[in-house]
Amino acid sequence: RASLGQASNVCRRLVEEAYAAKVERSVRLPQPGQLLDAWRQAYTIDQGTQAAYYSFERDPEALVRRGGELAAGGRWRYAVTSFAAAALVAPFVHGIGTVQWYLGEDATAAQWVEALDLRPVESGPNVVLLGPYDAGVFHRTQTVNGVTLVGNVQLYLDLSSEPARGREQAEFLRRQKLGF
């Protein structure tokens, strides 16, 4: 959570850089797309930790469901991102090559590795476990078919960082779900 002072500093900076405007006693984003574009240019998914694994599960969607079942009941905080999440909210690019999960602090990567029977790999992973650099990746998570996904803005940012058609998928998501 941000302090009142930090929120004030952010709002002031957004107004200074013309992303926001003061309207009476509030701050508005007249063109949120410009702020999103600037955020995308500054964002990189690898600010946190990443660990690559291989799962013998051949069906990525089944693997996503298994992860959701493991964390059921709020036992472990997680959120699926990238192409696996996009396939559930705005499918455009077909064929999920890698499932990516952000993991909360309540479960270690080792617990996920054991529960999903994952093997560490140096190349060619089909699972990536992400330790976020801050909890903001869990802001506005959404649940689809019993699976927790990152929010659409976070998903857009993550997809934009992906090679191999990530940008195409991100722009489709932006048109379909964000609308700016």
Query - Ala62 over 21 Å from Gly151 (Cβ atoms) and touching a Lys or Arg at 6+ places or on another chain (Cβ under 6 Å) - result: no
Query raised in the report: Can you tell me which residue in region 103-124 is least open to solvent (accessible area, probe 1.4 Å), limited to those that are in contact with a Gly (Cβ under 9 Å, 6 or more places away or on another chain) and more than 22 Å from Gly151 (Cα to Cα)?
Result: Leu116
Report task. Using the structure shown, decide if Ser160 is at pLDDT 95 or above, crowded, with 21+ Cβ neighbours inside 10 Å, on the phi > 0 side of the Ramachandran plot and not basic (Lys, Arg). Result -> no
Requested in this report: Name every residue in region 88-102 that is surrounded by fewer than 22 Cβ atoms within 10 Å (Cβ to Cβ) and either without any contact (Cβ under 8 Å) to a residue 12 or more places away in the chain or not aromatic (Phe, Trp, Tyr) (or both), in order of residue number.
Outcome: Leu88, Val89, Ala90, Pro91, Val93, His94, Gly95, Ile96, Gly97, Thr98
Query raised in the report: In region 62-87, which residues are out of contact with any Gly (no Cβ under 9 Å at 6 or more places or on another chain), open to solvent by less than 30 Å² (accessible area, probe 1.4 Å) and of a type outside the set (A, V, I, L, M, F, W, C)?
Result: Gly67, Thr81
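Let's see how each residue does on (1) more than 20 Å from Glu61 (Cβ to Cβ); (2) in a strand (DSSP E or B); (3) modelled with pLDDT of 95 or more:
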residue: Val80; (1), (2), (3): no, yes, yes
residue: Phe92; (1), (2), (3): no, no, yes
residue: Ala110; (1), (2), (3): yes, no, no
residue: Leu130; (1), (2), (3): no, yes, yes
residue: Leu155; (1), (2), (3): no, no, yes
residue: Ala170; (1), (2), (3): yes, no, yes
residue: Phe180; (1), (2), (3): yes, no, no
Query raised in the report: Looking only at residues in region 16-59 that are within 13 Å of Leu157 (Cα to Cα) and of a type in the set (A, V, I, L, M, F, W, C), which one is surrounded by the most Cβ atoms within 10 Å (Cβ to Cβ)?
Result: Ile45
Query raised in the report: Cβ-Cβ below 8 Å, separation at least six or inter-chain, first residue in region 149-163 and within 14 Å of Trp39 (Cα to Cα), second of a type in the set (Phe, Trp, Tyr) and buried (at least 20 other Cβ atoms within 10 Å of the Cβ): which pairs?
Result: Leu159/Phe83
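The values are calculated or read from the model by the stated rules, or taken from the named source; none is laboratory data. No experiment lies behind these values; they were computed from the predicted model shown. Reconstructed Cβ throughout: ideal geometry from the backbone, glycine too, with neighbour counts over all protein chains shown. Note: areas computed on protein heavy atoms with side chains; ligands, DNA, RNA excluded. Shrake-Rupley method; radii C 1.70, N 1.55, O 1.52, S 1.80 Å.
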